[in-house]
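Notes follow once the structure below has been shown.
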Amino acid sequence: MEGFQFIDIIILAMAAGFIVLRLRSVLGRRTGHEPPQTPQAGDAFGRTPDNRGQDNVVQMPPPVVRRGREGVMDIEPVYQGTPLEAGLVQLKMADPNFSVARFLEGAAKAFEIIVAAYAKNDTDALKPLLSDEVYAGFASSIQEREDRGETAETELVVLKPPKLESIDVADGRALVSVRFQSEQVNVTRDKDGNVIEGSRDHVESVTDVWTFSHDIASRDPNWVLVATRSVE
């Protein structure tokens, strides 16, 4: 009877050994060369990667963007090292979408529209393009001309590419002055149609400096004319 018990013990020991070997083959064992286990850091809410569900996905940090001053501000080379550079940097810091080329293109169109509208006494076309103060001056001059029965004719023969004169940013507003050089034919007639000023045969060289303003915080992208002066 004791012999049978001894045999049973041997069989059980062999079975246990077989089970241990199987477990080690499946689960593996530490060899002493495994990388050290790093403690899991919790976030501000005390969650670790093992207890925050989908948040345990590792997010790669964004690539480091190395940007130079020129790259950030996109200052056109022609203005670098000039008195205009500081103002242009200010403007592009406040409005990264500002483009000198697009601005000057719009300024040239505004110049043509305003000059033509003023000659035609078209205050409706002038109003959205001018500040209240400048509009008041233009409207007053137009009214005086109409009261005298006079008419004006202006033809832009040549408008040279406009140039930046100055740039300033203060109190949330951008002020940009532009120099316009043009060749014009200007004629003023009295109520009877007689020429009282200018000549159709005379082309006049005109240089103007106009200052445009824009509220940087406004969603309205339009600029308005806030000052004009003639350069002799």
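The values are calculated or read from the model by the stated rules, or taken from the named source; none is laboratory data. Note that the coordinates shown come from a computational prediction; the quantities given were computed from them, not determined experimentally. Note that each Cβ is placed from the backbone with ideal geometry, even for glycine, and that neighbours are counted across all protein chains shown.
Just the residues that are in a loop (DSSP other than H, G, I, E, B) and within 24 Å of Asp168 (Cα to Cα), please, taken from the range 87-140.
From the range 87-140, those in a loop (DSSP other than H, G, I, E, B) are 95-99, 120-122, 131; that's our starting set.
Once the filter is applied, which keeps residues that are in a loop (DSSP other than H, G, I, E, B) and within 24 Å of Asp168 (Cα to Cα), the range 87-140 yields Asp95, Pro96, Asn97, Phe98, Ser99, Ser131.
Mind checking which residues of the range 110-141 are farther than 20 Å from Val185 by Cβ and among the charged types (D, E, K, R)? Before the answer, list the steps.
Looking only at the range 110-141, we keep the residues that are farther than 20 Å from Val185 by Cβ, and these are 110, 123-140.
Result: Asp124, Lys127, Asp132, Glu133.
Tyr118 passes all but one of (1) of a type outside the set (Gly, Ala, Ser); (2) closer than 25 Å to Ile216 by Cα; (3) touching a Leu at 6+ places or on another chain (Cβ under 9 Å); which number fails?
Of the numbered conditions (1) of a type outside the set (Gly, Ala, Ser); (2) closer than 25 Å to Ile216 by Cα; (3) touching a Leu at 6+ places or on another chain (Cβ under 9 Å), the odd one out for Tyr118 is (2).
Filter the range 197-227 down to residues that are surrounded by fewer than 12 Cβ atoms within 10 Å (Cβ to Cβ) and among the polar types (S, T, N, Q) and give me whichever is farthest from the chain's Cα centre (by Cα). Full working, then the answer.
Step one: of the range 197-227, the residues surrounded by fewer than 12 Cβ atoms within 10 Å (Cβ to Cβ) are 197, 199-202, 205, 217-221.
Subsequent filtering for residues that are among the polar types (S, T, N, Q) retains 199, 205, 218.
Values: Ser199: 45, Ser205: 36, Ser218: 13 Å.
Selected residue: Ser199.
Might you check whether a residue that is closer than 20 Å to Ile114 by Cα, free of Cβ contacts under 8 Å to residues at least 40 places away in the same chain and either among the aromatic types (Phe, Trp, Tyr) or in contact with a Gly (Cβ under 9 Å, 6 or more places away or on another chain) (or both) occurs anywhere in the range 212-226? Lay out the reasoning, then the answer.
Kept after step one, since they are closer than 20 Å to Ile114 by Cα, are these residues of the range 212-226: 212-214, 220-226.
Among the residues that remain, those that are also free of Cβ contacts under 8 Å to residues at least 40 places away in the same chain are: 220-221.
Filter once more, so that each one left must be either among the aromatic types (Phe, Trp, Tyr) or in contact with a Gly (Cβ under 9 Å, 6 or more places away or on another chain) (or both): none.
Looking through the range 212-226, none of the residues is closer than 20 Å to Ile114 by Cα, free of Cβ contacts under 8 Å to residues at least 40 places away in the same chain and either among the aromatic types (Phe, Trp, Tyr) or in contact with a Gly (Cβ under 9 Å, 6 or more places away or on another chain) (or both).
Go through the residues of the range 53-73 one by one and say whether even a single one is within 19 Å of Ile216 (Cα to Cα), out of contact with any Phe, Trp or Tyr (no Cβ under 9 Å at 6 or more places or on another chain) and either of a type outside the set (D, E, K, R) or at pLDDT 90 or above (or both).
Residues of the range 53-73 within 19 Å of Ile216 (Cα to Cα): 72-73.
When the remaining residues are screened for being out of contact with any Phe, Trp or Tyr (no Cβ under 9 Å at 6 or more places or on another chain), the result is 72-73.
Among the residues that remain, those that are also either of a type outside the set (D, E, K, R) or at pLDDT 90 or above (or both) are: 72-73.
Within the range 53-73, one or more residues are within 19 Å of Ile216 (Cα to Cα), out of contact with any Phe, Trp or Tyr (no Cβ under 9 Å at 6 or more places or on another chain) and either of a type outside the set (D, E, K, R) or at pLDDT 90 or above (or both).
Among (1) touching a strand residue (DSSP E or B) at 6+ places or on another chain (Cβ under 9 Å); (2) more than 17 Å from Leu104 (Cβ to Cβ), which single condition is Asn194 missing?
Checking Asn194 against (1) touching a strand residue (DSSP E or B) at 6+ places or on another chain (Cβ under 9 Å); (2) more than 17 Å from Leu104 (Cβ to Cβ), the one that fails is (1).
Return the only residue of Ala94, Ala108 being touching a Pro at 6+ places or on another chain (Cβ under 7 Å), under 18 Å from His214 (Cα atoms) and surrounded by 12 or more Cβ atoms within 10 Å (Cβ to Cβ). Walk me through how you get there before you give the answer.
Values: Ala94 fails: touching a Pro at 6+ places or on another chain (Cβ under 7 Å).
Just a single option satisfies the conditions, and that option is Ala108.
In the range 180-196, is there at least one residue being buried (at least 16 other Cβ atoms within 10 Å of the Cβ), among the charged types (D, E, K, R) and part of a helix (DSSP H, G or I)?
At the first step, the residues of the range 180-196 found to be buried (at least 16 other Cβ atoms within 10 Å of the Cβ) are 180, 182, 184-189.
With among the charged types (D, E, K, R) added as a condition, the list becomes 189.
Next, from what is left, pick out any that are part of a helix (DSSP H, G or I): none.
Within the range 180-196 (the criterion being buried (at least 16 other Cβ atoms within 10 Å of the Cβ), among the charged types (D, E, K, R) and part of a helix (DSSP H, G or I)), the answer is no, since none of the residues qualifies.
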